[in-house]
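Taking it in order: structure first as structure tokens, then the write-up.
Each value in this text was obtained by applying a stated rule to the coordinates, not by laboratory testing. Keep in mind that this is a model prediction, so the values were computed, not measured. Virtual Cβ from ideal backbone geometry, glycine too; neighbours counted across all protein chains shown.
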Amino acid sequence: MGYLGNKLHALLPNPEDVLALEPEQLAGIILRLMNDYRDKNAIWDRLTFGSDHMLANYLQREYWPRMSHKLMESWAWLEQELLLILAPGSQTGFFVSQRGKLLMTEQDFDAYKKVRLLPRELLHPLVAQKVWPDLMSGEYDSAVLKAFKQVEVRVREVGGYSAQELGVDLMRKAFHMQSGPLTDLNNQVLAEREALPHLFAGAIALYKNPHSHRNVQIDSTEAIELVMLASHLLRIVDARDPSS
């Protein structure tokens with residue numbers, strides 16, 4: 001652990017700064033140091049990670065017990081997030097997972113933490129299945145495109161439309177306030193029936209069509225918000241499905 005100990009001390013020479021970090025903050029620093037190591041397939045030993053050897057550069061030995069606990073908390077967080085994986089045949093050796101290797105910068109790690117705040121169980125099953133891997137790997141434009149594509153596909157399916165019916169026109173037909181097969185004439189007042197086709201058509205026009213035709217740069221926060229919107233729209237469609 002000489003490499004990690006030396007690099008951590010060079011970055012945070014004051015023990016108080018190490019102790020002030022939340023476990024996930026320190027975990028992000030440790031992961032980036034691991035990713036910067038020359039051997040990208042290195043095995044890191046959990047037993048020596050929080051040891052005196054790791055802390056040897058910190059001359060104030062009275063800090064070592066608390067620093068050791070903080071380091072092990074950060075290691076446990078990395079394990080929990082599947083960013084560190086136990087090496088086959090080993091009891092204490094771990095390697096950085098493929099997901100972990102994608103988190104090369106502080107910005108990458110912060111984006112990852114934001115996505116992890118979104119429980120997968122809250123998403124519509126179609127969105128969770130199709131979109132979650134892209135969210136986790138930072139492919140935010142792809143995640144948004146796939147989410148709203150599922151909305152379009154589901155509307156077409158429940159409304160009984162052909163594959164030639166697309167986009168905004170499909171939404172306006174499916175939710176037409178008087179004749180749309182997905183319109184709820186019994187439980188929605190006129191104003192609500194007027195608003196719904198605008199909601200679906202606007203969502204497809206703004207968030208699916210641009211992503212279909214060009215590269216659109218969005219950040220993790222916006223991606224999460226849009227994926228949640230697509231999930232909500234899918235639940236509306238499900239409620240209009242006579243077979244459900």
Response to the item:
Of the residues L86, P119, F109, the Cα lying farthest along the dipole of the stretch 73-138 towards its positive end, which is defined by charges on the beta carbon of Lys, Arg, Asp and Glu, belongs to P119
Item to complete: Select one label from (1) 1, 7, 14, 19, 21, 18, 11, 6, 2, 1, 0; (2) 1, 6, 13, 16, 18, 17, 13, 8, 5, 2, 0; (3) 1, 6, 12, 14, 12, 10, 8, 7, 7, 6, 6, 5, 3, 2, 0, 0: the one whose number is P(r) over Cα pairs in 5 Å bins from 0, in percent as derived from the coordinates shown.
Response: (3)
Worksheet item: Which value, in debye to the nearest 20, gives the size of the charge dipole of the chain about its Cα centre, when Lys and Arg are +1 and Asp and Glu are -1 at the Cβ?
Response: 480
Item to complete: In whole Hz, with x marking every Gly and Pro, tabulate ³J(HN,Hα) for the stretch 12-18 from phi via Karplus 6.51 cos²θ - 1.76 cosθ + 1.60, θ = phi - 60°.
Response: 10, x, 8, x, 4, 5, 5
Response to the item:
Contact order relative to length for the chain, counting C-alpha pairs under 8 Å separated by 6 or more residues, stands in percent at 17
Item to complete: Could you size up the charge dipole of the stretch 21-160 around its Cα centre, putting +1 on the beta carbon of Lys and Arg and -1 on that of Asp and Glu, and report it in debye to the nearest 20?
Response: 300
Item to complete: Output the pairs from K114/K208; K113/K146; K7/K40; K149/K208 with a Cα-Cα distance over 18 Å in this structure; if there are none, say none.
Response: K114/K208; K113/K146
Discussion item. How charged is the neighbourhood of Q80? Take every other residue with its Cβ under 11 Å from the Cβ of Q80, and add Lys/Arg as +1 and Asp/Glu as -1.
Written reply: -3
